[in-house]
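One structure is given here, and the rest of the page talks about it.
Rule-based calculations on the coordinates, nothing more; no lab input. Fair warning: this is a prediction, and the values are worked out from it, not measured in the lab. Here the Cβ positions follow ideal geometry from the backbone for every residue, glycine too, while neighbour counts run over all protein chains shown.
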Amino acid sequence: MSPDRNPLRLGSIAPNFDAETTQGPIKFHDFIGNSWAILFSHPADFTPVCTTELGVVARLQPKFDERNVKVIGLSANGLESHEAWIKDINEVNNVEVKFPIIADADRKISTLYDMLDYQDLTNLDAKGIPFTVRSVFIIDPKKTIRLTLSYPASTGRNFDEILRVVDSLQLGDKNRITTPANWKHGDDVIVHPSVSNEEAATLFPGFKTVKPYLRFATQPGTQPATA
Ligand code: BEZ
């Protein structure tokens, strides 16, 4: 890695850190282990959009588990506040939050991950120090950053989209494919441009050529079983 490389760029190793969370202290890389991870920040505890977002993430927990993805939230408040807020999230959304939330009142981790809000002047604590924007990092088991997103405090995220990206990345890691616009799990995929037609005939029997550079195939793993 060159010394001036942005450590948060796609392909960089996600910066490691120690943190206090609602499920005890962690070292981030040890927490990830052999799983994928989604690290996501939200502006602050006891805020309306965040309360709905964390409910959605809690409801999607089985889908993250199926994909071997560990989810971890972060907001710039302390542990006591997080713990009290989780009770509200569970009550309002009729869920049980099972993922940890990092307590980052001193903004150590939000600064490391460039999550602080420099745009929304309503997204500040009582001392005028910025809270975080809605950042998302998808990190693979090698601890490589595979996706980054930054949403403004005022816009709740679409976590189905984040799961969709996980599906695309995991499928692309196992097969020489890419995924088209608006693709979702089960739809046809695109044969990777690096695959020759000869290789494609073996890897993706029955693939369809729309243009020499645009070839579609059935999503690997979804072919009907042969008798
Ligand atoms: C919210 O979560 O509702 C929110 C937080 C900070 C600024 C704006 C909205």
Checklist outcome for this item: If unit charges are put on Cβ atoms (+1 for Lys and Arg, -1 for Asp and Glu) and the dipole of the chain is taken about its Cα centre, the option from THR155, ALA217, GLY172 lying farthest towards the positive end turns out to be ALA217
Item to check | Sparsely packed trypsin sites (Lys or Arg not before Pro) within segment 165-227, loop by DSSP, other Cβ within 10 Å at most 15 | outcome: LYS184
Checklist entry - Which angle from 0 to 90°, rounded to the nearest 10, does the C-alpha axis of helix 159-174 make with the longest principal axis of the chain? => result 40 degrees
Checklist entry - Taking Cα pairs under 8 Å and at least six residues apart, what relative contact order does the chain come out at, in percent? => result 20 percent
Checklist outcome for this item: Output for segment 137-187 (equivalent-ellipsoid semi-axes, sqrt of 5λ from the C-alpha gyration tensor, Å, descending) is 21, 16, 8
Next on the checklist: Quick check on packing: order 89-95, 72-78 by the mean number of other C-beta atoms within 10 Å, highest mean leading.
Outcome noted: 72-78, 89-95
Checklist entry - How large is the charge dipole for segment 1-160, taken about the Cα centre, if only the Cβ atoms of Lys, Arg (+1) and Asp, Glu (-1) carry charge, to the nearest 20 debye? => result 600 debye
Item to check | Options HIS192, ILE145, PRO48, ranked by Cα towards positive dipole end of segment 34-192, top entry (Cβ charges) | outcome: HIS192
Checklist outcome for this item: P(r) over all Cα-Cα pairs of segment 68-142, 5 Å bins from 0 to the longest distance, whole percent per bin, short to long, reads 3, 14, 21, 23, 20, 14, 5, 1
Checklist outcome for this item: Of the convex hull enclosing the alpha-carbon atoms of the chain, the direction-averaged projected area in nm² is 15.6 nm²
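Among the chymotrypsin sites (Phe, Trp or Tyr not before Pro) in segment 173-221, which ones are in a DSSP loop with at most 16 other Cβ atoms within 10 Å of the Cβ? Mind listing them?
TYR213
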Checklist outcome for this item: For segment 90-153 the mean separation of alpha carbon contacts under 8 Å (6+ apart) over residue count, i.e. relative contact order in percent, is 21 percent
Checklist outcome for this item: Links exceeding 21 Å between C-alpha atoms in this model, out of LYS27/LYS127; LYS63/LYS184; LYS27/LYS142, come to LYS27/LYS127
